Amino acid sequence: MSDTIIEVRGVNKSFGGVVANKDISLTVERGSITGLIGPNGSGKTTLFNSIVGLYPIDSGSILFEGREISRMNVQSIARLGLLRTFQQTRIFSKMDCIQNMLVSLPHRQSAWSDMFRKYPPELCDKAEHLLEFVGLYSKRKLTAGSLSFGQQKLLEFAMALMNEPQALLLDEPTAGINPTLINGLIDRLKRANREYGITLFVIEHNMRVIMNLADHIYCMAFGQLLASGAPADVKDDPRVIDAYLGAAA
Amino acid sequence: MMATGKRSAVLHIAILVAGLVAPFVFPGHSVQFAVFWIMVLFALTWDAMGGQMGYNSLGNITFFGLGMYMCTIVQIAIVYNVGEYTAANGAIDVHFTSPQYFTGLGLGLVVAAIGSTIVAAILSWVLFGIRGPYFAIGTLGVAVAAAELTAAWNWVGGGQGIAMPVFPGGPGMRERFFYFACFVAAVLCYLFFRWLYSTRFCLAVNAIRDDEDKAEAMGLHTRRYKMVAWAAAAFFLGISGALFGNMTGFVEPLETAYPTLTFGIFMIAMTLLGGKGTLWGPIIGATVFYVMREVTWTYLLGWQYIALGILIIVNVVFFQQGILGWVKARRPEWFGVKIEEKSGAQPSAAAPARKAVNA
């Protein structure tokens, strides 16, 4: 029996006359690593933004763990355990890495009075442990804004893990990362999926990465879903190759 | 670390002692000292929003004025009919006995503090939907509107203002009483924010300052934090307004209660001067600013605003991080920042390398 965690049904989203997503339907299985590929401007990030509640969708339905979330706001969706990282990488730049981690603790059940509590030592330990996991332990006291772009990406990933999400939407996790570090990152993404049980839904341009990482891949082009299937099938699908390289007219 | 703790204790005790003896050593300057503590309170409360949370309010003076009027109305209303009292404009023979005066003042302070807090909570619901310069202008609009509405409201004296109940004590007692009231208010304000910044609240509002969209994406209850920050500021501003009105003895909307262009700007200038986003920056800023102000008012009368303007320009052009931020960047070890890293990464605010790499 399949266990769907994210279900997108017939989602349409236009900006003025530009159709960014046209009748998109897809599912992400719990515990899986699902990939989303497609040429630039094919509507991948728009779909992510719609799923996490940043953009109101024009029509269709988005379900997370069976609950309709297409009318909920970003914070409420995040608190359900559906989190995203940003393509441009967003961290709290004037705070140090440990502070970035602490503020990212899960806010699911946080009551009003919680804002006046202190951070217990267990949380600080957990923050340091996760920084160690992404290889930033030695930078933990540095201002996040002083880290390199690649390190900021790793920090953002660690912050997402700190939040203990059910599902994590990663928007180009390897973009701008030193190629020698990419293998380490793939390994960490897989471990996060396996050890912490986090479902990953990943936008990625690097074919080698996504073929290595994902169990199932969706390909978008011109706002529409083009193909889906196992990595090997999608890779050899002529429509996918055409979308990336331009069809022979 | 021990040394730091000891130094901090010595500093706190020194300030406390100075605050306690000041009105006895310089009895003629009690009012100036009292206003100084109000300035400290102004800077501390403004920084909670503008410094720690990155929401630059130009209208925090609203709560000062609201507190002043709420307290005044309560003080009068427990003895007289407010409409008659204000309409008479001092012509009727009013007399407040000592118990009447202090009951009214105590009750008025409570109403001013709680009332301002409630108004801030309501306003936050409307105004925190807007960000950046729009928020700044929106709050300025609230302050200007509050002043104009008060000026048009005859029941509270309109633009004519209200002569406050006369303090029942002997000569010199009034100044001393309000000096200590302002001193206590500023100390409580400091202790409150010191505690508040030691809780999770601090990192949450810092996160809102750095990237509010990211904070939302992480599931933070951003509205709650913003509301608490403003309400806490309004609480203390309400108290300060109530005390200031009584200290001045006369309350009117434009110059005393809602002085947007003087106190309203001072609270921002002081915070920027001392270093925003720190606990002690606003206090240092208030001290330097107030000393400058008193000096220029004494020796450069007529040019005082030009001198203050130059100070503000030098501050925002050359020392944007303020006095404390400037010291912190040069002497991080004084603030307990230790650099363990050997791999060349500097903790200074080096520009992130993101622009160099194609995202």
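Only a single criterion out of (1) open to solvent by 10 Å² or more (accessible area, probe 1.4 Å); (2) within 27 Å of B:CYS182 (Cβ to Cβ) is not satisfied by B:GLY245, namely (1).
Among the residues that make up the range A:63-80, is at least one of them at pLDDT below 90, open to solvent by 30 Å² or more (accessible area, probe 1.4 Å) and more than 20 Å from B:GLU212 (Cβ to Cβ)? Give the steps one after another, and end with the answer.
We begin by selecting, within the range A:63-80, every residue at pLDDT below 90; these are none.
No: the range A:63-80 contains no residue that is at pLDDT below 90, open to solvent by 30 Å² or more (accessible area, probe 1.4 Å) and more than 20 Å from B:GLU212 (Cβ to Cβ).
For (1) among the basic types (Lys, Arg); (2) open to solvent by 10 Å² or more (accessible area, probe 1.4 Å), each residue gets a yes or a no:
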{"position": "A:ASN21", "(1), (2)": "no, no"}
{"position": "A:LEU26", "(1), (2)": "no, no"}
{"position": "A:ARG30", "(1), (2)": "yes, yes"}
{"position": "A:THR45", "(1), (2)": "no, yes"}
{"position": "A:PHE48", "(1), (2)": "no, no"}
{"position": "A:ILE51", "(1), (2)": "no, no"}
{"position": "A:LEU54", "(1), (2)": "no, yes"}
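Please specify each residue of the range B:55-75 satisfying the condition of being open to solvent by 10 Å² or more (accessible area, probe 1.4 Å) and part of a helix (DSSP H, G or I). Passing the criteria: B:LEU66, B:TYR69, B:MET70, B:ILE73, B:VAL74.
Residues in the range B:212-224 that are in a helix (DSSP H, G or I) and open to solvent by 20 Å² or more (accessible area, probe 1.4 Å) were compared, and the one that is nearest to the other protein chains (Cβ to nearest Cβ) is B:GLU216. For the range B:195-207, state whether one or more residues are among the polar types (S, T, N, Q), closer than 21 Å to B:VAL110 by Cβ and more than 15 Å from the chain's Cα centre (by Cα). Within the range B:195-207 (the criterion being among the polar types (S, T, N, Q), closer than 21 Å to B:VAL110 by Cβ and more than 15 Å from the chain's Cα centre (by Cα)), the answer is no, since none of the residues qualifies. If the condition is being within 14 Å of chain B (Cβ to nearest Cβ) and out of contact with any Ser or Thr (no Cβ under 8 Å at 6 or more places or on another chain), then the range A:177-187 contributes A:ILE177, A:ASN178, A:PRO179, A:LEU181. All of (1) more than 14 Å from chain B (Cβ to nearest Cβ); (2) touching a Ser or Thr at 6+ places or on another chain (Cβ under 7 Å) hold for A:ARG67 with one exception: (2). When the residues of the range A:90-103 are filtered to those that are out of contact with any strand residue (DSSP E or B) (no Cβ under 9 Å at 6 or more places or on another chain) and not aromatic (Phe, Trp, Tyr), the one that is farthest from A:LEU130 (Cα to Cα) is A:ARG90. Counting the residues of the range A:74-116 that are within 8 Å of chain B (Cβ to nearest Cβ) and assigned to a loop (DSSP other than H, G, I, E, B) gives 15. Limited to the range B:161-211, what total is found for residues that are open to solvent by 40 Å² or more (accessible area, probe 1.4 Å), within 8 Å of chain A (Cβ to nearest Cβ) and in a helix (DSSP H, G or I)? Qualifying residue count, the range B:161-211: 1. Listed by first and then second residue, the pairs linking a residue in the range A:86-112 that is acidic (Asp, Glu) to a residue that is modelled with pLDDT under 85, with Cβ atoms under 9 Å apart and 6 or more places separating them unless they lie on different chains, are A:ASP96/B:PRO347.
Of (1) at pLDDT 90 or above; (2) over 30 Å from B:ARG223 (Cα atoms); (3) surrounded by 14 or more Cβ atoms within 10 Å (Cβ to Cβ); (4) of a type in the set (A, V, I, L, M, F, W, C), B:VAL79 satisfies all except one. Which? That leaves (1) as the condition not met.
In this structure, B:GLN100 does not satisfy being surrounded by 24 or more Cβ atoms within 10 Å (Cβ to Cβ) and either at pLDDT below 90 or out of contact with any Asp or Glu (no Cβ under 6 Å at 6 or more places or on another chain) (or both).
When you scan the range B:141-149, do you find a residue that is under 30 Å from B:VAL94 (Cβ atoms) and over 20 Å from the mean Cα position of the chain (by Cα), even just one?
Taking every residue of the range B:141-149 in turn, at least one turns out to be under 30 Å from B:VAL94 (Cβ atoms) and over 20 Å from the mean Cα position of the chain (by Cα).
Checked against (1) under 13 Å from the mean Cα position of the chain (by Cα); (2) open to solvent by 10 Å² or more (accessible area, probe 1.4 Å); (3) away from chain A (no Cβ under 13 Å), B:ALA231 meets all criteria but (3).
Quick one: in the range A:120-157, which of the residues that are outside any helix (DSSP H, G or I) and touching a Lys or Arg at 6+ places or on another chain (Cβ under 7 Å) is surrounded by the most Cβ atoms within 10 Å (Cβ to Cβ)?
Here is the first cut: in the range A:120-157, the ones outside any helix (DSSP H, G or I) are A:120, A:135-136, A:140-143, A:147-148.
Subset that is touching a Lys or Arg at 6+ places or on another chain (Cβ under 7 Å): A:143, A:147.
Details: A:THR143: 22, A:LEU147: 25.
Going through the qualifying residues, I end up with A:LEU147.
The values are calculated or read from the model by the stated rules, or taken from the named source; none is laboratory data. Since the model is a prediction, treat every value here as computed from it, not as a measurement. We place every Cβ from the backbone using ideal geometry, glycine too, and count neighbours over all the protein chains shown. Side chains included, ligands, DNA and RNA excluded: accessible areas come from the protein's heavy atoms. Shrake-Rupley method; radii C 1.70, N 1.55, O 1.52, S 1.80 Å.
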